[in-house]
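See below for the structure under consideration.
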Amino acid sequence: MILFSKYLVPKGYSGMAIFPFIFVNDKQLSKNRVFVNHEKIHLQQQIELLVFPFYVWYGLEFLIKLYTYRNWHLAYKNISFEREAYTHEMDLEYLKHRGFWRFLKYLRNHEF
């Protein structure tokens with residue numbers, strides 16, 4: 001389910017997935033199939049990690065990447081969950097053939 005909220009989406013971002021919802025700060029984004037697919041990939045990641053551990057892992061990985069890169073945007077873009085979602089957001093069939101815990105492939109250090 002896609003919900004509109006100017007206040008839940010952090011400044012500088014267009015949307016975010018919090019199982020089972022996708023929050024957007026612009027109603028037009030709900031019609032953007034690539035954007036929605038990106039967020040659906042995150043929902044699948046959250047399901048695989050039983051939701052709460054996803055957020056812990058995401059936060060810890062972000063902090064490690066922030067320490068490594070010393071740059072907020074670069075740290076965010078290099079989180080394994082984000083790398084998977086950005087890599088496959090244009091493949092609207094990706095979730096139909098995606099392997100279980102596929103985000104693990106993106107843990108290796110490669111700048112996005």
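Just one of (1) exposed (fewer than 14 other Cβ atoms within 10 Å of the Cβ); (2) in contact with a helix residue (DSSP H, G or I) (Cβ under 7 Å, 6 or more places away or on another chain); (3) among the acidic types (D, E) fails for E93. It is (2). Please specify each residue of region 41-59 satisfying the condition of being open to solvent by 70 Å² or more (accessible area, probe 1.4 Å) and within 21 Å of G12 (Cβ to Cβ). Within region 41-59, just Y55 meets the criteria. Taking every residue in region 14-35 that is more than 23 Å from V51 (Cβ to Cβ) and pairing it with any residue that is open to solvent by 50 Å² or more (accessible area, probe 1.4 Å) and of a type in the set (A, V, I, L, M), at least 6 positions away or on another chain, the pairs with Cβ-Cβ distances below 8 Å are R33/L92; V34/M90; V34/L92. Screening region 11-112 for helices (runs of 4 or more DSSP H) wholly inside it with 1 or more residues that are within 24 Å of M1 (Cα to Cα), within 14 Å of the chain's Cα centre (by Cα) and modelled with pLDDT of 95 or more returns the ranges 33-48, 52-69, 80-88, 94-97.
The values are calculated or read from the model by the stated rules, or taken from the named source; none is laboratory data. Please read all numbers here as calculations on a predicted model, not as lab measurements. For neighbour counting, all protein chains shown are included, and Cβ atoms are generated from backbone atoms with ideal geometry for every residue, glycine included. These accessible areas exclude ligands, DNA and RNA; they are computed on the full protein's heavy atoms, side chains included. Shrake-Rupley method; radii C 1.70, N 1.55, O 1.52, S 1.80 Å.
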